[in-house]
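Working notes, beginning with the structure itself.
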Amino acid sequence: MYAALEKLCDEEDRKWGYAPAEIKKLAGSGGRRNTALLDMVERKIVCYGRESNGQFTDGQDGRHLHFRMPTSPDDFEIIADDNDLA
């Protein structure tokens, strides 16, 4: 999963990240792939993508679930919250 995500990010580094289906398609068959992605986020190996307003694409509150390779320490920090949208 890591190698597939790394290859996608090398081709085009999308700030919003890549959907699990895109990563799985490149990675091929195997079980527990979503769990592997979430475990890598928890261990700060990969990160969630970001929406244009700075929120993570973490699947919460109706947001899409996307992953990307980190490019800076800020990729793991929340830089916007719902209060910023008011």
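What follows draws every value from the coordinates through simple rules; no lab data is involved. These numbers come from a predicted model, not from an experiment. No Cβ is skipped: glycine too gets one built from the backbone with ideal geometry, and neighbour counts run over all protein chains shown.
Loop-only GluC sites (Glu not before Pro) in region 1-66, please: DSSP not H, G, I, E or B, and at most 11 other Cβ atoms within 10 Å. When the GluC sites (Glu not before Pro) of region 1-66 are filtered for loop state and at most 11 Cβ neighbours within 10 Å, GLU12 remain. Name the residue from CYS9, PHE56, ILE23 whose Cα lies farthest towards the positive end of the charge dipole of the chain, charges +1 on Cβ of Lys and Arg and -1 on Cβ of Asp and Glu. It is ILE23. Coupling constants for region 54-62 follow from the phi torsions by the Karplus curve (6.51 cos²θ - 1.76 cosθ + 1.60, θ = phi - 60°), and in residue order they are x, 6, 5, 8, 9, x, 8, 6, x Hz; glycine and proline get x. Each other residue within a Cβ distance under 13 Å of THR35 adds +1 if Lys or Arg and -1 if Asp or Glu, for a net charge of +2.
With a Förster radius of 25 Å, plug the Cβ-Cβ distance of PHE76 and LYS25 into 1/(1 + (r/R0)^6) and report the FRET value to the nearest 0.05.
Values: r = 26 Å, r/R0 = 1.04.
The formula returns an efficiency of 0.45 here.
What you get for the chain, charging only the Cβ of Lys and Arg (+1) and of Asp and Glu (-1), is a dipole of about 520 debye around the Cα centre.
What is the sum of charges around LYS25, taking Lys and Arg as +1, Asp and Glu as -1, for the other residues whose C-beta is under 12 Å from the C-beta of LYS25?
Details: positive: LYS7, LYS24, ARG33; negative: GLU22.
Surrounding charge for LYS25 is +2.
Taking 0.36 nm per residue of separation and subtracting the current Cα-Cα distance, fully stretching the chain between VAL41 and HIS64 would add 6.8 nm.
Applying a DSSP loop filter and a limit of 16 other Cβ atoms within 10 Å to the trypsin sites (Lys or Arg not before Pro) in region 1-59 leaves ARG14, LYS15, ARG32, ARG43, LYS44. Couplings 3J(HN,Hα) for region 37-46, derived from phi with the Karplus relation 6.51 cos²θ - 1.76 cosθ + 1.60 (θ = phi - 60°), are 4, 5, 5, 5, 5, 4, 8, 6, 8, 10 Hz, where x marks Gly and Pro.
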